[in-house]
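J.: My structure is below; once you've seen it, I'll send some questions.
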Amino acid sequence: MTDLSAIIKAYDVRGTVPDQLNEDVARAVGIAFARVLAEQGTGATAVVVAHDMRESGPGLVAAYAEGLRSVGLDVVDVGLCSTDELYYASGILDLPGAMFTASHNPAQYNGIKHCYAGAKPVGQESGLARIKEIAQDLLDSGAATEVGELRGGYEERDMLPAYAEHLRGLVDLSGIRPLKVVVDAGNGMGGFTVPAVLGDAVLPALPLDIVPMYFELDGSFPNHEANPLEPKNIVDLQAAVVKNGADLGLAFDGDADRCFVVDADGDPVSPSAITALVATRELAKHPGGTVIHNLITSRAVPEIVTENGGVPVRTRVGHSFIKAEMAKTDAIFGGEHSAHYYFRDFWGADTGMLAAMHVLAALGEQDKPLKELAARFERYAASGEINSTVTDQRAKLDEVKQAFADSEQDELDGLTVSFADGAWINLRPSNTEPLLRLNIEAPSAERVAQLRDDVLAIVRG
């Protein structure tokens, strides 16, 4: 018996193929999404679908499309796609969408990211829980195995040229100084979209000398896991940047909705610094605009946003919270520590490619190296995320809370403690594992180390 609670998470569907996610499950989820669209009175008559480079993608998409068509919805299949290209299709066509991807997860996984028309997110509270309920009933009854007549239509459409043209219209790179850029696609969808957007595969060439790494689409990830936030996964990129004398390096995750940056010395540029950099550029276009940042991005982000005349808004960790706050505040931009970047000009959705283009523009519009440019946005020392396995998350949080009772605290997401010297800690529980995640920032590395040792003595003691 298939238990969908194991694979339908807070933001998406994700599981191993075929034991957790197979064609029957995909078909049931397709029917369920169609029914949720009807229940919510969206008026949707079609859904746009796409898949990444995983071998299981086409079969799962075909079954999902059967589910949609069996209840009378048309299907627009845009085929091989990055997740942000699917968001583009949802936005420009004003259709709900379903992207089949498991992002950076290993080869045996696949998943589905849903969105409403205009790339609006579908999370647990905005429809995913209901999708799970309907799909589970269909699977339990066997109704998802044979769907009968397909009443909805089907068409295939290539959105890549229009996607590339749209992004080029948002950030003009044609006049920048020549840059050499190493791009590690990790055998993911960046190998499909980078040649179209930054290369000359679709549009005229830009003043960019692209050095490609692992552009061959391969969902088995033969070279390294396509998760650039893990330091081991950017080692090849760092070496290649130095070897090629490049100006910078870019690393995309499996579905290319996240982008990580390294400078000419191969040193990582923190996603917080990229958030602050892009925020200043967006605020130059939209003076006084709102910028979203989650609570474990650097305090430099709200400081720099304020200094540039913007309004910073702090949120919980997680893209559903960022996207909801983007919509609520009409924010111009949002950034996360995980290298997700969200743009009002892109339907409030996240796109690693557009963030990369802003970095290229900022670098190419002046003569300084990226390290010097990024230093303007790096103000504090940080610990990175430190995970600890615990048996009782709440009890450990309470112990830490008591230990720092004399300092300012809030519980927007886990426990944040702010200190008079500008240092802060955030300790938050994982939703899926018995872990506590610790992030620390302070004016010096010594202060970070002291706070780290103090907190871990409690958490792991």
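J.: State in Å² the accessible area per residue of region 25-157; use a 1.4 Å probe, count heavy atoms of protein chains only, and round to the nearest integer.
T.: Accessible surface, normalised per residue, equals 35 Å².
J.: Run lengths n ≥ 4 of DSSP H only: what is the helix-derived mean residue ellipticity at 222 nm for the chain, with -39500 (n - 2.57) per run over all residues, to the nearest 500?
T.: Taken over the chain, the calculation gives -11000 deg cm²/dmol.
J.: Can I ask one more? Leaving out ligands, DNA and RNA but keeping every protein chain, what accessible area does Arg376 have, in Å² rounded to the nearest 10, with a 1.4 Å probe?
T.: My reading of the accessible area for Arg376 is about 150 Å².
J.: As I understand it, the dipole of region 253-309 uses +1 on the Cβ of Lys and Arg and -1 on the Cβ of Asp and Glu, about the Cα centre. Which of Ala256, Ala273, Leu295 lies farthest toward its positive end?
T.: Value computed over the given set: Leu295.
J.: Another question about this same structure. Suppose all protein chains stay in the model; what accessible area per residue would a 1.4 Å probe give for region 187-240, in Å²?
T.: 43
J.: Let a ≥ b ≥ c be the square roots of the eigenvalues of the Cα gyration tensor of the chain; is it rounded (a/c under 1.5), or, if not, prolate (a/b larger than b/c) or oblate?
T.: oblate
J.: How large is the accessible surface of Ser270 in square angstrom, using a 1.4 angstrom probe and rounding to the nearest 10?
T.: Counting only protein heavy atoms, the figure is 40 Å².
J.: Starting from the amide H of Tyr116, placed 1.01 Å from N in the peptide plane, find each other amide H under 5 Å away whose residue is 5 or more places distant or on another chain.
T.: Gly97, Val122
J.: Take the alpha carbon gyration tensor of region 143-242, find the square roots of its eigenvalues, order them as a ≥ b ≥ c, and report rounded if a/c is under 1.5; if not, report prolate when a/b exceeds b/c, else oblate.
T.: Here region 143-242 falls in the oblate category.
J.: Additional query: Let a ≥ b ≥ c be the square roots of the eigenvalues of the Cα gyration tensor of region 60-133; is it rounded (a/c under 1.5), or, if not, prolate (a/b larger than b/c) or oblate?
T.: rounded
J.: Would you mind working out the magnitude of the charge dipole of region 1-117 relative to its Cα centre, with +1 at each Lys and Arg C-beta and -1 at each Asp and Glu C-beta, to the nearest 20 Debye?
T.: 160
J.: When DSSP assigns beta bridges and you keep just the ones with both residues in the chain, what percent turn out antiparallel, to the nearest 5?
T.: For the chain, the DSSP antiparallel bridge percentage is about 60.
J.: Could you name the aspartates and glutamates in cross-link range of Lys401, using Cα to Cα under 18 Å and dropping any fewer than eight places away on the same chain?
T.: Asp392, Asp410, Glu411, Asp413, Glu441, Asp453, Asp454
J.: Another question, then. Could you give the size of the charge dipole of region 228-349 about its Cα centre, using +1 on the Cβ of each K and R and -1 on the Cβ of each D and E, expressed in debye and rounded to the nearest 20?
T.: Using Cβ point charges on Lys, Arg, Asp and Glu, region 228-349 gives about 380 debye.
J.: Measure off, as a whole percent, the carbon and sulfur share of the 1.4 Å-probe accessible area of the chain, all protein chains present.
T.: Carbon-and-sulfur percentage of accessible area, whole number: 49.
J.: How big is region 237-353 by the Kirkwood estimate over distinct Cα pairs, in Å?
T.: After inverting the mean inverse Cα-Cα distance, the result is 14.3 Å.
J.: Next question, about the same structure. So what does Phe221 come to for accessible area, using a 1.4 Å probe and Å² rounded to 10?
T.: Using a 1.4 Å probe on the heavy atoms, I get roughly 20 Å².
J.: Here's something else I'd like to know. Can you pick out the pairs among Lys113/Lys396; Lys9/Lys323; Lys180/Lys323; Lys285/Lys323 whose Cα atoms lie more than 25 Å from each other?
T.: Flagged as over cut-off: Lys113/Lys396; Lys180/Lys323.
J.: Report, for region 217-313, the % of DSSP beta bridges that are antiparallel, rounded to 5.
T.: Expressed as a percentage, antiparallel bridges in region 217-313 total about 70.
The values are calculated or read from the model by the stated rules, or taken from the named source; none is laboratory data. Fair warning: this is a prediction, and the values are worked out from it, not measured in the lab. Reconstructed Cβ throughout: ideal geometry from the backbone, glycine too, with neighbour counts over all protein chains shown. Remember, those area values only see protein heavy atoms, side chains included, never the ligands or the DNA or RNA. Shrake-Rupley method; radii C 1.70, N 1.55, O 1.52, S 1.80 Å.
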